[in-house]
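Enquirer: Could you have a look at this structure, given as structure tokens, before my questions?
The values are calculated or read from the model by the stated rules, or taken from the named source; none is laboratory data. None of the values given here were measured: they were computed from a predicted structure. All Cβ positions, even for glycine, are placed from backbone atoms using ideal geometry, and neighbour counts span all protein chains on display.
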Amino acid sequence: MLEVRNLEVVYDDVMLVLRGVSLRVPAGSIVALLGANGAGKTTLLRAISGLLGVHDGEVTKGSVTVDGEPVHHLRPAQIVRRGVSQVMEGRRILGELTVEENLRVGAHTAPRDLAANLDRVYGLFPLLKERRKGIAGYLSGGEQQMLAVGRALMAGPRFLLLDEPSLGLAPALVGQIRDLVVEINAQGTTVLLVEQNATMALSIAAHGYVMETGKVVMDKPAADLLSDEDIREFYLGLGAEGAARSFRAVKHYRRRKRWLS
Amino acid sequence: MKALLESLIRGLGNGSVYALLALGFVIVYKATRVISFAQPSFMIGGAVAVSYLAEVTGFYLAMVLAALLVAAVALGIERVAIRPMVGRPVFVVAIITLGIDVVVRVVVNGFIGLDVRQVGDPWGLSLVEIGGLAVQQRWLAMLAAAALLVGLLFAFFRYTRYGLAMRAAALDQETALAQGVSVGTVFALSWAFAGGLAAIAGTFVGTGQGVDQLTWIIALKALPAIIVGGLDSLGGAVAGGLIVGVVESLVQSYQSDLAPWLGQNFAIVTPYVVMLLVLLVRPYGLFGTREVERV
Ligand SMILES: Nc1ncnc2c1ncn2[C@@H]1O[C@H](COP(=O)(O)OP(=O)(O)OP(=O)(O)O)[C@@H](O)[C@H]1O
Ligand SMILES: [Mg+2]
């Protein structure tokens, strides 16, 4: 069980971005985390995986525990060793390295299982096997996303944190990503899935959380969320706060453009 | 023709030494984005360590021990003086490395004394004949040692777990962290490599004529070498070192005949002239990444 309790996160010593977030990811499940741009989803994942420091952020209150043990003051390397791996927003492929080198970097904390994990990842992503000697930067966006997920799996994580894996991908590829998440979960990895694509995320998750400006505002079984009117309206873009929303839409558009290029 | 080839070989020999020093600069730069000006002190420290150790262990073992010793010292300095500065402006950290250089050199100078110290190498200034050319043995030794070390380094970065981790951290620190790479370890390793390589370079600088309190200045020739090759390219460091060495040697051989009006000792400034010429054409060096231009 991965558990976040009453978490507060501050960036640059002043910007309070998470205001008491609580969330539970039971072992073996898929949990979806939804929310508009800037709600704090990525920040929450950073707090779990220990990457806040890179962004001048810190946990000021609350806790993150993995199987009951607090991890929120550990360094990223130690957290990976505890079995929590994050696939960052925007794929973050090491473009100058080959596909296989990227995967080997992912295996940094689990060198003994390198061969077995490589087999597993190539089994999940046959395409990566085909291109394993190729330069990762030349892969298409969808292939890079597969590589990013495969790389995280090379550490043999028990908990996999996925940050918007479908971002900027064509609908057919989104379906492929969804099937892969299901398969990875079926192989025994617990998944916390952050998504803008609510329909996709809720179709495979057991439970869903919705965040808004640093707080969890809704927390229900996925099926209930899927039929919730507010959720439907919000993700169809028919929410109440018109001005704020159009600004977010602009930001979202920019982000898409950046990562598509 | 004979003189030209001899001059070329001398240039490649000296260039190998610049290349080893330049590799240290580049490895530290890639890991930490800081140019470490502590390299001259590590270079001279290595040579002086060999000059003492060689009497006990013989030259070759002394060189290995000195490289390990200086690598350990560099690693310790990184941990104590550089790591706490992470996040400070690059300029500030570079100045700190300059301070480290001065401190280490003062300590090392105590071991040099006022005389020239010999490193106890087996070559001295003796010549060997190959194909009618008379070349100094030590130039060939420098070339061979550099070739061996460069081969080992490239294999390390390509095939080993920590080599890959260092490349990953150089490309994208956060991504490396997310894979469980300890960036602190990467910093420490980069300094250890730079220290060890500088120590070996220093030992070769000391072959033939020995080292004194001013020999450290030679390490500065690695600066034009890395600018020529590109700050963030290992291959560029090697090429830059060799180019600087060869150009310097050719100028030394021919300038007094071809352009006597440039005065004596013009060879000393040629590395910087080469650097300026390359910067005019390619601001990021021959092999560097375009982005580095901004630095
Ligand atoms: N490094 C940072 N320094 C300061 N503020 C930050 C930093 N990173 C994010 N923020 C702010 O924190 C808030 C939450 O950002 P976060 O990236 O966690 O949102 P998100 O839910 O992941 O959004 P998106 O869907 O756009 O990825 C935003 O207001 C953002 O501007
Ligand atoms: Mg985000």
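Enquirer: Name, by its number, the condition in (1) in contact (Cβ under 8 Å) with a residue 24 or more places away in the chain; (2) of a type outside the set (V, I, T); (3) part of a helix (DSSP H, G or I) that does not hold for B:A134.
Expert: Single failed check for B:A134: (3).
Enquirer: Kindly check whether there is at least one residue in region A:41-59 that is more than 27 Å from B:V183 (Cβ to Cβ) and either touching a residue at least 12 places away in the same chain (Cβ under 8 Å) or aromatic (F, W, Y) (or both).
Expert: Checked region A:41-59: no residue is more than 27 Å from B:V183 (Cβ to Cβ) and either touching a residue at least 12 places away in the same chain (Cβ under 8 Å) or aromatic (F, W, Y) (or both).
Enquirer: Looking only at region A:166-200, which residues are within 16 Å of ligand 2 (Cβ to nearest atom) and within 22 Å of A:R82 (Cβ to Cβ)?
Expert: Within region A:166-200, A:L192, A:L193, A:V194 meet the criteria.
Enquirer: Starting from region A:99-116, take each residue that is acidic (D, E) and list its partners that are in a loop (DSSP other than H, G, I, E, B), counting only C-beta distances under 8 angstrom and pairs at least six apart or across chains.
Expert: A:E100/A:R132; A:E100/A:K133; A:E101/A:L94; A:D113/A:A107; A:D113/A:G156
Enquirer: Can you name every residue in region A:21-38 that is away from ligand 1 (no atom under 16 Å from the Cβ) and either of a type in the set (G, A, S) or part of a loop (DSSP other than H, G, I, E, B) (or both)?
Expert: Within region A:21-38, A:S22, A:P26, A:A27, A:G28, A:S29 qualify.
Enquirer: Which residue out of A:L153, A:L169 is closer than 30 Å to B:R158 by Cβ and not β-branched (V, I, T)?
Expert: Matching residue, one of A:L153, A:L169: A:L153.
Enquirer: Output the residues belonging to region A:30-49 that are modelled with pLDDT under 95 and touching a helix residue (DSSP H, G or I) at 6+ places or on another chain (Cβ under 9 Å).
Expert: A:L34, A:G35, A:A36, A:N37, A:G38
Enquirer: So B:L127 passes all but one of these: (1) free of Cβ contacts under 8 Å to residues at least 24 places away in the same chain; (2) in contact with a Lys or Arg (Cβ under 9 Å, 6 or more places away or on another chain). Which condition number does it fail?
Expert: For B:L127, the failing item is (2).
Enquirer: Suppose we filter B:A259, B:A267, B:A188 for residues that are in contact with an Asp or Glu (Cβ under 6 Å, 6 or more places away or on another chain) and modelled with pLDDT under 90; which single one remains?
Expert: B:A267
Enquirer: Then there's this: Would you please name the residue that is nearest to ligand 2 (Cβ to nearest atom), looking only at residues in region A:44-81 that are buried (at least 24 other Cβ atoms within 10 Å of the Cβ) and away from every other protein chain (no Cβ under 14 Å)?
Expert: Top of the filtered list is A:L44.
Enquirer: Do we have B:L114 as exposed (fewer than 14 other Cβ atoms within 10 Å of the Cβ) and either modelled with pLDDT of 95 or more or more than 20 Å from B:Y29 (Cα to Cα) (or both) here?
Expert: yes
Enquirer: If I ask for residues that are within 16 Å of ligand 1 (Cβ to nearest atom) and surrounded by 24 or more Cβ atoms within 10 Å (Cβ to Cβ), which ones from region A:88-109 would you list?
Expert: Correct list: A:R91 only.
Enquirer: Continuing with the same structure: Run down B:V64, B:V56, B:V119, B:V128 and say which single residue is closer than 30 Å to B:L5 by Cα and not in a loop (DSSP other than H, G, I, E, B).
Expert: B:V128
Enquirer: Inspect all residues belonging to region B:164-179 and state whether any of them is within 25 Å of B:I77 (Cβ to Cβ), away from chain A (no Cβ under 14 Å) and within 20 Å of the chain's Cα centre (by Cα).
Expert: no
Enquirer: Then there is this: May I ask you to list pairs of residues, at least six apart or on different chains, whose Cβ atoms are under 8 Å apart, with the first in region A:154-182 being more than 16 Å from ligand 1 (Cβ to nearest atom) and the second being at pLDDT 90 or above and among the basic types (K, R)?
Expert: Close Cβ pairs satisfying both conditions: A:M154/A:R104.
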